[in-house]
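Notes follow once the structure below has been shown.
The values are calculated or read from the model by the stated rules, or taken from the named source; none is laboratory data. Nothing here was measured: the structure is a model prediction, and the numbers come from that model. Note: ideal-geometry Cβ built from the backbone for every residue, glycine included; neighbour counts use all protein chains shown. Note: areas computed on protein heavy atoms with side chains; ligands, DNA, RNA excluded. Shrake-Rupley method; radii C 1.70, N 1.55, O 1.52, S 1.80 Å.
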Amino acid sequence: MVTDTEWKAIIENNPSYDDQFRYAVKTIKIFCRPSCPSRPPKRENITVYYDFTEPEKDGFRPCKRCQPNGKPVDDTLWVEEIDTILQEQYAENLTLKELAYLAHGSESHLRHVFKKVTQKTPSQRLLDIRLTAAKKALLPSDKTIS
Ligand SMILES: [Zn+2]
């Protein structure tokens with residue numbers, strides 16, 4: 001549940017609420033400071049936390065952009081998160097813009113960090129995942145033998 005005041009703080013990216021609460025977004029499993037400049041989520045997908053350690057206990061990841069834990073998010077960890085998103089959504093028509101939204105980072109920063117860590121761009125990686133999935137689908141299964 002989000003109060004009107006909290007919702008207003010979130011959509012206005014109001015930094016004066018940063019010491020009062022964090023909000024977690026159910027759909028993308030990330031939590032943020034009220035001041036986070038990322039695209040605002042749908043109100044019904046938000047959970048508000050007053051204990052800043054709770055979101056992580058509930059399985060939410062800190063946002064790369066606003067660093068709701070007060071410490072930078074490790075590049076390698078972030079790339080793992082991006083890779084998880086790619087593997088979950090490879091069948092969708094995923095653009096860099098959408099990926100940046102889901103991973104909470106800017107498009108240019110995401111591309112740069114991903115390439116630095118994996119030596120591949122997110123779109124090359126997406127193609128790899130799609131090819132692997134296509135090969136798997138072509139492998140003979142028990143069903144076809146019988
Ligand atoms: Zn954020």
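Condition check for P37 on (1) surrounded by 14 or more Cβ atoms within 10 Å (Cβ to Cβ); (2) within 16 Å of the ligand (Cβ to nearest atom); (3) touching a residue at least 24 places away in the same chain (Cβ under 8 Å); (4) in a loop (DSSP other than H, G, I, E, B): one failure, at (1). Which one of E98, E6 is free of Cβ contacts under 8 Å to residues at least 12 places away in the same chain and surrounded by fewer than 20 Cβ atoms within 10 Å (Cβ to Cβ)? None of the other options fit; the residue is E98. Condition first: open to solvent by less than 20 Å² (accessible area, probe 1.4 Å), more than 13 Å from the chain's Cα centre (by Cα) and not assigned by TED's automatic domain parsing to the domain that holds L110. Can you find one or more residues in segment 61-79 that meet it? Checking segment 61-79: at least one residue is open to solvent by less than 20 Å² (accessible area, probe 1.4 Å), more than 13 Å from the chain's Cα centre (by Cα) and not assigned by TED's automatic domain parsing to the domain that holds L110.
Within segment 69-84, being assigned to a helix (DSSP H, G or I) and over 10 Å from L126 (Cα atoms) holds for D75, T76, L77, W78, V79, E80, E81, I82, T84.
Each row is one residue, and each column tells you yes or no for (1) farther than 22 Å from D75 by Cα; (2) among the aliphatic types (A, V, I, L, M); (3) modelled with pLDDT of 95 or more.
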{"position": "T95", "(1), (2), (3)": "no, no, no"}
{"position": "Y101", "(1), (2), (3)": "no, no, no"}
{"position": "V113", "(1), (2), (3)": "no, yes, yes"}
{"position": "T118", "(1), (2), (3)": "no, no, yes"}
{"position": "L139", "(1), (2), (3)": "yes, yes, no"}
{"position": "I145", "(1), (2), (3)": "yes, yes, no"}
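Within segment 85-108, restricting attention to residues that are in a helix (DSSP H, G or I) and touching a strand residue (DSSP E or B) at 6+ places or on another chain (Cβ under 9 Å), the residue that is farthest from the ligand (Cβ to nearest atom) is L102.
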